[in-house]
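A short write-up of the structure that comes next.
The values are calculated or read from the model by the stated rules, or taken from the named source; none is laboratory data. Note that the structure is a prediction, hence the values are computed from the model and not measured. Ideal geometry is used to build each Cβ from the backbone, glycine not excepted, and the neighbour counts take in all protein chains shown. The protein model used for the area step is the full one, side chains on, heavy atoms only, and it has no ligands, DNA or RNA in it. Shrake-Rupley method; radii C 1.70, N 1.55, O 1.52, S 1.80 Å.
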Amino acid sequence: MTSNGTAEMVRAENVHKSFGHVEVLKGVDLVVKPGEVCCVLGPSGSGKSTFLRCINHLEKINGGRIFVDGELVGYRERRGKLYEMKDREVAAQRRSIGMVFQRFNLFPHMTALENVMEAPIRVKRENRAATRDQALGLLERVGLGEKTGNYPAQLSGGQQQRVAIARALAMRPKLMLFDEPTSALDPELVGEVLDVMKDLARDGMTMVVVTHEIGFAREVGDSLVFMDGGVVVEQGNPRDVIGNPQHERTKAFLSKVL
Ligand code: ADP
Ligand code: MG
């Protein structure tokens with residue numbers, strides 16, 4: 001159960017998304033329960049990032065519905081009709097969803113600590129001292145207790161990505177979305193970021209993770225979704241899907257990344 005008392009943290013029903021005449025998502029369904037880690041795999045261009053962005057309404061969907069913690073994303077339903085939310089409502093909704101991208105997008109002119117403190121202070125107008133304590137705790141948690149005063153340029157890619165995770169956590173999200181969080185990292189830095197994500201998962205965070213890290217999906221994932229061409233081709237227990245894929249497209253993809 002979530003804090004709203006819902007049994008599902010994410011529910012996507014028949015999600016369609018087009019850019020101009022190109023349909024990128026062609027009816028995607030997904031359910032992620034509270035505390036679950038759902039890993040999304042698939043070839044480049046299959047619509048993974050677009051789908052993730054739809055979950056927090058960074059992209060508007062053209063069809064279907066998405067619920068986060070029982071709430072319709074981006075729309076209000078009144079008498080069976082859907083009305084688009086005002087920007088303010090969208091922003092409020094988005095605050096409870098953390099997102100971490102492939103590129104770390106930290107503010108270059110702010111220290112690690114200032115980066116983590118920024119959103120709670122600017123968006124939530126929270127108390128500065130309490131926010132600072134929380135941010136220090138989060139940086140400690142991602143293993144950067146010694147680096148709180150460093151600027152992004154003084155941190156490795158793996159450290160920057162861990163700051164980005166701490167920054168997302170500072171808003172106390174109920175859901176975390178990760179879009180290939182380790183793809184831009186040198187191989188030797190991937191592990192430290194995956195370890196932080198593992199720790200989050202162990203702590204009960206609900207996460208949707210687009211990744212090519214099969215080992216992570218197998219070890220940490222509660223479910224695995226394989227997307228190709230804008231549809232979910234196959235989904236299930238990660239060990240089953242990875243060990244015994246049922247569809248040719250899944251087999252072909254796995255044979256390339258394993
Ligand atoms: P993935 O993350 O699986 O690599 P994406 O969701 O990034 O796939 O992209 C899916 C398809 O949608 C690609 O063909 C991409 O070119 C297209 N696409 C993504 N975003 C846009 C956009 N803003 N405008 C037009 N086309 C887009
Ligand atoms: Mg992508």
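The table below gives the values:
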read-out: CD proxy at 222 nm, helix term only [per DSSP H run n ≥ 4: -39500 (n - 2.57); per residue of the chain; nearest 500]; value: -10500 deg cm²/dmol
read-out: Nearest-20 debye value, the stretch 197-237 charge dipole, Cβ charges on Lys, Arg, Asp, Glu; value: 60 debye
read-out: Spin-label pair E84/S3, simplified geometry with 7 Å Cα→Cβ offset, distance in nm; value: 2.9 nm
read-out: K198 paired with E13, simple spin-label distance in nm, labels 7 Å along Cα-to-beta-carbon; value: 3.8 nm
read-out: Whole-angstrom Cα spans of the chain along principal axes, big to small; value: 49, 49, 37
read-out: Per-residue ³J(HN,Hα) for the stretch 146-161, Karplus 6.51 cos²θ - 1.76 cosθ + 1.60, θ = phi - 60°, Hz, x for Gly and Pro; value: 8, 10, 4, x, 7, 7, x, 5, 9, 10, 6, x, x, 5, 4, 5
read-out: Options G143, G47, Y75, ranked by Cα towards positive dipole end of the stretch 10-255, top entry (Cβ charges); value: Y75
read-out: Net charge of Cβ neighbours under 9 Å - reference R11; Lys, Arg +1; Asp, Glu -1; value: -2
read-out: Straight-distance crosslink candidates among aspartates and glutamates, where the alpha carbon sits under 19 Å from K60 and sequence neighbours closer than 8 are dropped; value: E13, E23, D29, D69, E71, E77, E84, D87, E89, D179
read-out: Which of K256, K17, K81, K86 is most accessible, then next, and so on - probe 1.4 Å; value: K256, K86, K81, K17
read-out: Anchor K251: lysines whose Cα lies under 29 Å away (excluding residues fewer than 8 positions away in-chain); value: K17, K26, K33, K48, K198
read-out: Fully extended contour minus Cα-Cα distance, from E77 to S255, at 0.36 nm per residue; value: 59.7 nm
read-out: Theoretical FRET efficiency, 1/(1+(r/R0)^6), r = Cβ-Cβ of N105 and Q246, R0 51 Å, to 0.05; value: 0.85
read-out: Cα-centred dipole magnitude for the chain, charges only on beta-carbon of K, R (+1) and D, E (-1), debye, nearest 20; value: 940 debye
read-out: Cα-centred dipole magnitude for the stretch 70-211, charges only on beta-carbon of K, R (+1) and D, E (-1), debye, nearest 20; value: 900 debye
